[in-house]
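Novice: Please find one structure pasted underneath; my questions will follow.
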Amino acid sequence: MTEKFLATRRGRLTLLLLCCVAFMDFVDASIVNVALPSIRRDLHFSVQGLQWVPSAYLLTYGGFMLLGGRAADLLGRRRVLVAGTIVIGIASLIGGFAGDSAVLIGARLAQGLGAALMLPAALSILTTSFTDGSDRHTALGVWAAVAGLSSAAGVLFGGLLTQGPGWRWVMFVNPIAAVLLLGPIFRLISGERRTLRNFAGFDIPGAVLATGGMLLLVFALVKAPDQGWGSARTIAELAGAAVILAAFTLNELRSRNPLLPMSIFRVRGLAAADATQFIAFAGFASMFFFVTLYMQNVLGYSPIEAGLAYLPLCFAVGFAATAAGQLLSRVGTRPLIIAGALITAGGVYWLSRIPVHGSFLTDLLPGMLVMSAGIGAMFVAVATAANAGVRPEQAGLAAALLNSAQQVGGALGLAVLSAIATAHSNQLLAAHTAVPDALTAGFQRALLAGSIALAASAVIAIWVANTREQADAPRDAQEPQSVTAGS
C-alpha cells in the first residue's frame, strides 16, 4: 500500500482533480444568484418562477445525493463520477441555450442530478485514496477549503460573467469544465471491476422511498416562504416527507441489502458530525443570500462589485482550512469544530449589525473575515470526523450522508431565515418605514438567527468523536486509486 500517496506527483494531481470536481458542483449552487435579474428579463420569468433557477438545482442535488453515494459504492466510483460529469455538462449546455423559463429550470434540475452523482463519488475516492493519517488530514483540509470558498467564488464568478459576456456564460462554463475533467478522471482514477451484478438484491423500495422523501422535503422547504409555514399545503408536504422517510427507515431495518445500512451509524461520532453540518449550514449558507441582497438592493452595488466583495473571503477560507488541516493531528476534530462554529457564529453576528448606510471596509469586511476563519476550520474538521472509521465499501454512503446534511440544512436555513427577514421587513413597510431601512432590518434579523444556529451547532459538536490519530483513517486492502485501470 502506498503510505504517502500525497507525496507523489500522481497523488497531488489526484487531489487537484477531486477538488476541481467539488468546486464545480459547489459553485453551481451560487453562481446563478447574481445573474437572476438578467435571466428574468431575458426569459420572461415571473417573480415566483424565478426562485426555481437556484432552487431546482438544490432540489435534485439534495434529493438524489443518498442514491448517488450508494451507486458509487456498488457500481464503482469512477463510473459514477464520469456519468455525473457528463450529465452536468450536457444539462448546462442546454441551459445556456435555453429560450424559455421551462427549459432553464429543467436544465437546472438535471444539473443537480449530475452533482448528486459526482460529489459523493469524488469525496469517497478521496477518503479511500489518501489513507495515511497525515495525508488524509491534508487532503480533507484542501477539500474543505475548496468547499468553503466555492460559495463565495460562485457569487464572484456570477457577477463577472453576468456583467461581462452575459448570464448564459454562467451555464456555458460547465460544459468546458466537464470536457477538461474527463481526461484526467480516466488517467488518474482507477476503475473498479464492478458490474450490474453488484445490484443483485438492490434495495429498490429503499431507493424510491429515500429519493422521494428527500425530494419532497427539499421541495417543501424551498416553497415554504412563498406558501407560508402555516399553510395547509406546506404542512401536508412536510408531513408527507416525514411519512415517506419513516417508511424508508423501516424498510432499511428489514432489508437484506439496504440502501442505507444502519450499521454505518455505529461509527463513533458520525451521526453527530452530520447533525453538526446540518445545523451549521442552516445558519451559514443563507448568509451569502442576505449579504448579496444587502449589497445590491441597499448599498447599490453592481453585480461585479458584489462579486468582487467576496474575494477576500475566498482567500481567508482557503488559508483557515489549510491551517486547520495541519492542526488536526495535534488537537483533534472536536475542538476545531467547536471553535470554528463559535468563530463563524461571531462573524455572522457581526454581519447582522449592518447599517443602512454601510461601508464595505468597516461594516462587511471584518465580519466576513472572522466568519471565514471559523468556517474554514469547521469544514475540514467536520469532513474528517464524518469519514473517520468508515469502511472503504461504505465511503460513498458516508460522503452522501454528509453532503445531504449540508444541502438539506442549507435549504432549511434559507427557507426559515427568508421567512424571518420577509416578515420583519413587511411589518416595517406596513408602518411606512423607508424601503432601505425595512430591508436592512429584515436582513439583520435573519443573520442574527443564522448566528444562533451556528452557536447551536457548536453544542451538538460536543458529541463528535475527537479524531486525530492516523489509525482513524479507514484502510483499504487494495492500492489507493492511483493506477489507471479499465472499468
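Novice: Go through (1) modelled with pLDDT of 75 or more; (2) farther than 11 Å from ASP25 by Cβ; (3) assigned to a helix (DSSP H, G or I) and name the single condition THR131 misses.
Specialist: Condition not satisfied by THR131: (3).
Novice: Tell me, yes or no, whether the range 11-26 has at least one residue that is surrounded by 19 or more Cβ atoms within 10 Å (Cβ to Cβ), at negative phi and modelled with pLDDT under 85.
Specialist: Yes, the conditions are met somewhere in the range 11-26.
Novice: Next question. Only one of these conditions is not met by ALA152: (1) surrounded by fewer than 24 Cβ atoms within 10 Å (Cβ to Cβ); (2) modelled with pLDDT under 75; (3) aliphatic (A, V, I, L, M). Which number is it?
Specialist: Only one criterion is unmet by ALA152, namely (1).
Novice: Still on this model: Please find, among PRO225, PRO261, the residue that is over 23 Å from SER286 (Cα atoms) and either at pLDDT below 85 or not polar (S, T, N, Q) (or both).
Specialist: Sole residue among the options that is over 23 Å from SER286 (Cα atoms) and either at pLDDT below 85 or not polar (S, T, N, Q) (or both): PRO261.
The rows are residues; the columns are (1) touching an Asp or Glu at 6+ places or on another chain (Cβ under 7 Å); (2) of a type outside the set (D, E, K, R); (3) in the same structural domain as ALA271 (by TED's automatic domain parsing); (4) crowded, with 23+ Cβ neighbours inside 10 Å.
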site	(1), (2), (3), (4)
GLY374	no, yes, yes, yes
ASN387	no, yes, yes, yes
GLY396	yes, yes, yes, yes
ALA400	no, yes, yes, yes
GLY410	no, yes, yes, yes
GLY413	no, yes, yes, yes
VAL416	no, yes, yes, no
ALA419	no, yes, yes, no
HIS424	no, yes, yes, no
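Novice: Quick check: anything in the range 156-163 more than 30 Å from VAL243 (Cα to Cα), modelled with pLDDT under 90 and touching a Cys at 6+ places or on another chain (Cβ under 8 Å)?
Specialist: Scanning the range 156-163 turns up at least one residue that is more than 30 Å from VAL243 (Cα to Cα), modelled with pLDDT under 90 and touching a Cys at 6+ places or on another chain (Cβ under 8 Å).
Novice: In addition: Report yes if ALA275 is farther than 23 Å from ILE452 by Cα and modelled with pLDDT of 85 or more, otherwise no.
Specialist: no
Novice: In the range 348-391, which residues are in contact with a Gly (Cβ under 9 Å, 6 or more places away or on another chain), under 24 Å from ASP437 (Cβ atoms) and not hydrophobic (A, V, I, L, M, F, W, C)?
Specialist: Result: TYR349, SER352, ARG353, PRO366, GLY367.
Novice: Sort through VAL146, VAL155, VAL173 and tell me the only one that's within 30 Å of ARG391 (Cβ to Cβ) and assigned to a helix (DSSP H, G or I).
Specialist: VAL146
Novice: If you don't mind, another one. Determine which member of the set GLY442, GLY396, GLY450 is part of a helix (DSSP H, G or I) and without any contact (Cβ under 8 Å) to a residue 60 or more places away in the chain.
Specialist: GLY442
Novice: Before we move on, is ILE31 in the same structural domain as ALA177 (by TED's automatic domain parsing), crowded, with 23+ Cβ neighbours inside 10 Å and not in a helix (DSSP H, G or I)?
Specialist: Yes, satisfied.
Novice: Among the residues of the range 41-64 satisfying the criterion of being part of a helix (DSSP H, G or I) and hydrophobic (A, V, I, L, M, F, W, C), which is modelled with the highest pLDDT?
Specialist: Going through the qualifying residues, I end up with LEU43.
Novice: What pairs come up if the first residue lies in the range 213-241 and is in contact (Cβ under 8 Å) with a residue 60 or more places away in the chain, the second is surrounded by fewer than 19 Cβ atoms within 10 Å (Cβ to Cβ) and not in a helix (DSSP H, G or I), and their beta carbons are under 8 Å apart, counting only those six or more places apart or on different chains?
Specialist: VAL222/GLN51; ASP226/GLN51
Novice: Report every pair of residues separated by at least 6 positions or lying on different chains whose Cβ atoms are under 7 Å apart, first residue within the range 85-99 and in the same structural domain as ARG168 (by TED's automatic domain parsing), second charged (D, E, K, R).
Specialist: Between residues of the range 85-99 that are in the same structural domain as ARG168 (by TED's automatic domain parsing) and residues that are charged (D, E, K, R), the close pairs are GLY95/ARG108; GLY96/ARG168.
Novice: Across the range 218-239, what is the number of residues that are surrounded by fewer than 16 Cβ atoms within 10 Å (Cβ to Cβ), in contact with a helix residue (DSSP H, G or I) (Cβ under 9 Å, 6 or more places away or on another chain) and either part of a loop (DSSP other than H, G, I, E, B) or of a type in the set (Ser, Thr, Tyr) (or both)?
Specialist: 3
Novice: Just to be sure before I move on: is LEU215 in a helix (DSSP H, G or I) and modelled with pLDDT of 80 or more in the structure I sent?
Specialist: Yes: the conditions hold for LEU215.
Novice: Would you point out the residue of the range 402-434, among those that are among the β-branched types (Val, Ile, Thr) and out of contact with any helix residue (DSSP H, G or I) (no Cβ under 6 Å at 6 or more places or on another chain), that is farthest from GLY450 (Cα to Cα)?
Specialist: Residue satisfying both the conditions and the ranking: THR433.
The values are calculated or read from the model by the stated rules, or taken from the named source; none is laboratory data. These numbers come from a predicted model, not from an experiment. Note that we place each Cβ from the backbone using ideal geometry, even for glycine, and neighbour counts take in every protein chain shown.
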